[in-house]
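Below is one structure; the comments refer to it alone.
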Amino acid sequence: MGSFMQICARVLAGGDSAAAAREAGFAAIPADKAASLLRGGEGQVMVARGASVGTMVLILSQRPVACSLRLQRMDVETAEPLFVRLAEGTARPGLTVTRAFDGSVPVPGARAARQITYRLSSGQAGRPDLALAFTGDADPRAGTQGVLTFGTVAPRRP
């Protein structure tokens, strides 16, 4: 999860996330194949292979600004508590971390998957909040068993 978070931090800060992804072993896929994963938005899609997780698909989108990692295989029972600890451990003075969602989400062509989403907020006017999400137990027949997503969301209204 460390490399993923470093890559995503560059996306959110406007840095060269593609360079960080290449350093982590990811390679870009052709734009025509990336288009469906970007859903009409701007960005890049990169892939790598992991010994225990199989194919990893990294989606770096620019509008909305987000970074998503799809894993072919994931030990959800082990990964979920690690994700929760990571998300809740980011709380600092001036950064509020709230569990915003914990429930089932639809997965096209598969059964529903469990998702946990945290909202990270500085509380500063005009600054976007961040969302950090974990989706596990997706149907492996769909080609993805786990998804990690980090991106911007609209600031809360007072």
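The values are calculated or read from the model by the stated rules, or taken from the named source; none is laboratory data. Please read all numbers here as calculations on a predicted model, not as lab measurements. All Cβ positions, glycine included, derive from the backbone under ideal geometry; neighbour counts span all protein chains shown.
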*With GLN72, GLN115, GLN145 as the choices, which residue is crowded, with 19+ Cβ neighbours inside 10 Å and at pLDDT below 85?*
GLN145
*Name the one entry in ALA9, ALA21 that is touching a Leu at 6+ places or on another chain (Cβ under 6 Å) and either surrounded by fewer than 18 Cβ atoms within 10 Å (Cβ to Cβ) or part of a helix (DSSP H, G or I) (or both).*
ALA21
*Got a number for residues in segment 118-139 being in a loop (DSSP other than H, G, I, E, B), aliphatic (A, V, I, L, M) and modelled with pLDDT of 80 or more?*
1
*Taking only segment 42-65 into account, find how many residues are modelled with pLDDT of 85 or more and not β-branched (Val, Ile, Thr).*
10
*Do we find that PRO64 is over 14 Å from LEU120 (Cα atoms) and out of contact with any strand residue (DSSP E or B) (no Cβ under 8 Å at 6 or more places or on another chain) in this structure?*
no
*asked:* Being surrounded by 18 or more Cβ atoms within 10 Å (Cβ to Cβ) and among the aromatic types (Phe, Trp, Tyr) is the requirement here; does PHE83 meet it?
replied: yes
*If you take the residues in segment 24-44 that are among the hydrophobic types (A, V, I, L, M, F, W, C) and out of contact with any strand residue (DSSP E or B) (no Cβ under 8 Å at 6 or more places or on another chain), which one is surrounded by the most Cβ atoms within 10 Å (Cβ to Cβ)?*
ALA35
